[in-house]
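Novice: Once you've had a glance at the structure underneath, I'll fire off some questions.
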Amino acid sequence: MPGSDPADGDFVDTIALAALEAGAQHSVYVGMRRVLLCRVDTDVFAFRDACPHALQPLKGGAITGTTIRCPKHGACFDMKTGMPQNGITKASLELYAVRIRDGIVQVDAGPDKRPNPYQQFGG
Ligand code: FES
């Protein structure tokens, strides 16, 4: 749930930090967004689990330092900045803010401006 304190922004609970060991990746949904959580040492990075090259999942991509390599065509991105690292795409990762509260990884993916597909059809 987004916090009731305005300073909380749109942070929502995802998984326990203990469930995300160093070097691990975990896909979660934040609202309607699929978000990939990656832990590198003590840092946790969160970004849209869709490669900006051709929107394929980044989950399972090899991680070297803070760089993740897309398993589909090999685009590499710095998870700290989102910036592409090789020439496969010039587009960046969609990064989200992360914080740890009471042992829970919380992610602020911001407001989702995409329409709810179920509302479009009255469902
Ligand atoms: S979809 Fe990731 S490099 Fe093409």
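Novice: Put +1 on the Cβ of each Lys and Arg and -1 on the Cβ of each Asp and Glu in the range 15-109; which of 100, 53, 25 then has its Cα farthest toward the positive end of the dipole?
Specialist: Ranked along the dipole, the leading option is 53.
Novice: Same structure, new question: Of the heavy-atom accessible surface of the range 15-109 (probe 1.4 angstrom), what whole percent is carbon and sulfur?
Specialist: Carbon and sulfur together cover 49 percent of it.
Novice: Something else now. First select every other residue whose beta carbon is under 11 angstrom from the beta carbon of residue 27; then total the charges, Lys and Arg +1, Asp and Glu -1.
Specialist: Neighbourhood net charge equals +3.
Novice: Once amide H atoms are placed 1.01 Å from N in the peptide plane, what residues at a sequence separation of 5 or more from residue 35, or on another chain, have their amide H within under 5 Å of its amide H?
Specialist: 28, 29, 30, 49
Novice: May I ask you to evaluate 6.51 cos²θ - 1.76 cosθ + 1.60, the Karplus curve with θ = phi - 60°, for each residue of the range 54-61 and list the ³J(HN,Hα) values in order in whole Hz, giving x for glycine and proline?
Specialist: Using θ = phi - 60°, the values come out as 9, 6, 7, x, 8, 4, x, x Hz.
Novice: Return the long-range amide H neighbours of residue 88 (sequence gap of 5 or more, or a different chain), with a cut-off of under 5 Å between placed amide H atoms.
Specialist: Long-range HN contacts for residue 88: 76.
Novice: Here's a follow-up. Determine, at each q value in 0.13 (inverse angstroms), the log₁₀ of I(q)/I(0) that the Debye formula gives when each Cα of the range 15-109 is one equal point scatterer.
Specialist: Each listed q corresponds, in turn, to -0.38.
Novice: Can you figure out the FRET efficiency of residue 104 with residue 66, using R₀ = 25 Å and their beta-carbon distance, to the nearest 0.05? Present the calculation step by step, with values, prior to reporting the outcome.
Specialist: Numbers: r = 23 Å, r/R0 = 0.90.
So, using R0 = 25 Å, E works out to roughly 0.65.
Novice: Name all residues of the range 34-49 having a backbone nitrogen under 12 Å from the label point set 7 Å from the Cα of residue 94 along its Cα→Cβ direction, giving them as ranges.
Specialist: Counting backbone N atoms under 12 Å from the label point, the list is 34-36, 47-49.
Novice: Now a separate question. Lys and Arg at +1, Asp and Glu at -1: add these up for the other residues within a Cβ distance under 11 Å of residue 105 and post the number.
Specialist: +1
Novice: Using the Karplus curve 6.51 cos²θ - 1.76 cosθ + 1.60 with θ = phi - 60°, work out ³J(HN,Hα) for each residue of the range 25-30 in order, rounded to whole Hz, and write x for Gly and Pro.
Specialist: Listing the rounded values in order: 10, 8, 8, 9, 9, 10 Hz.
Novice: So how much slack lies between residue 43 and residue 19, counting 0.36 nm per residue of separation and subtracting their Cα-Cα distance, in nm?
Specialist: Gain in length upon complete extension: 7.3 nm.
Novice: Heads up, I need the accessible area for residue 108: 1.4 angstrom probe, whole protein in place, Å², nearest 10.
Specialist: 40 Å²
The values are calculated or read from the model by the stated rules, or taken from the named source; none is laboratory data. All values reported here derive from a predicted model rather than from experimental measurement. All Cβ positions, even for glycine, are placed from backbone atoms using ideal geometry, and neighbour counts span all protein chains on display. The accessibility values were calculated without ligands, DNA or RNA, using every heavy atom of the protein model including side chains. Shrake-Rupley method; radii C 1.70, N 1.55, O 1.52, S 1.80 Å.
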